[in-house]
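The values are calculated or read from the model by the stated rules, or taken from the named source; none is laboratory data. Everything numeric here is computed off the predicted structure, so don't read it as measured data. Glycine gets a Cβ as well: all are built from the backbone with ideal geometry, and neighbour counts include every protein chain shown. To get the accessible areas, we keep the full protein, side chains included, count just its heavy atoms, and leave off ligands, DNA and RNA. Shrake-Rupley method; radii C 1.70, N 1.55, O 1.52, S 1.80 Å.
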Amino acid sequence: MRFFILWALSLSLLSCNNDSDDGPALDCSAVSCQNAFIAIDFLAQSDGENLFTDGTLNSDTFKVIETSSQEEVSFGVDSEGLVYITPNIQSRSLNSYSYEVKSSGETILTFTLDAKNTATPDDCCTAIEFSNVTSTNSSFERNSDVNQRYKVTLDL
């Protein structure tokens, strides 16, 4: 009986021993990723009100286009009218990207940024590093309190 208990204890200790650094693969379907985005607050030049919440802009006629490919970029608008733009950046080297923001077919903002995808093949989520976000619109500026959040005032 003593032999059986020692054998079972030894077997359980040896089966739990894992010297491998590889470990089990992460199940990415169980991971909730936050998209990498640039957030822009579109404000009225006259009174500083958000142009989405006051009805001047709406998501049905609003488009964000990557200028070199002319492809539409996904975006979302939250309840406060903040626009979250999610660029599709796959390159692992630093590249410049240019965007046009259109409302009812008219360009209301152009901006450029440098970005690269910093995710590793083992990462479940995309990690994008943004830098040098600029626009020819002189009112386009970064909100100092939040990273990757900008505001622009427009006369629409």
When you look at L109, is it under 24 Å from F62 (Cα atoms) and of a type outside the set (S, T, Y), yes or no? yes
The range 30-43, residues that are part of a loop (DSSP other than H, G, I, E, B) and open to solvent by 70 Å² or more (accessible area, probe 1.4 Å): S32, Q34, N35
Per the filter on the range 128-155, residues open to solvent by 40 Å² or more (accessible area, probe 1.4 Å), touching a residue at least 60 places away in the same chain (Cβ under 8 Å), closer than 16 Å to A39 by Cβ and of a type outside the set (S, T, Y) are V146, R149, K151
When you go through (1) surrounded by 16 or more Cβ atoms within 10 Å (Cβ to Cβ); (2) of a type outside the set (S, T, N, Q); (3) at positive phi one by one for G105, which number turns out not to apply? (1)
Can you tell me which residues in the range 108-127 are surrounded by 14 or more Cβ atoms within 10 Å (Cβ to Cβ) and in contact with a Leu (Cβ under 8 Å, 6 or more places away or on another chain)? I108, L109, D114, A115, K116
Within the range 46-99, the count of residues that are open to solvent by 70 Å² or more (accessible area, probe 1.4 Å), farther than 16 Å from I128 by Cα and touching a Lys or Arg at 6+ places or on another chain (Cβ under 8 Å) comes to 2
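Determine, yes or no, whether D21 is charged (D, E, K, R), closer than 30 Å to T126 by Cα and at pLDDT below 65.
yes
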Qualifying residue in the range 44-56 (condition: touching a residue at least 60 places away in the same chain (Cβ under 8 Å) and not in a loop (DSSP other than H, G, I, E, B)): yes
Which one of these does D145 not meet: (1) at pLDDT below 90; (2) under 30 Å from D27 (Cα atoms)? (2)
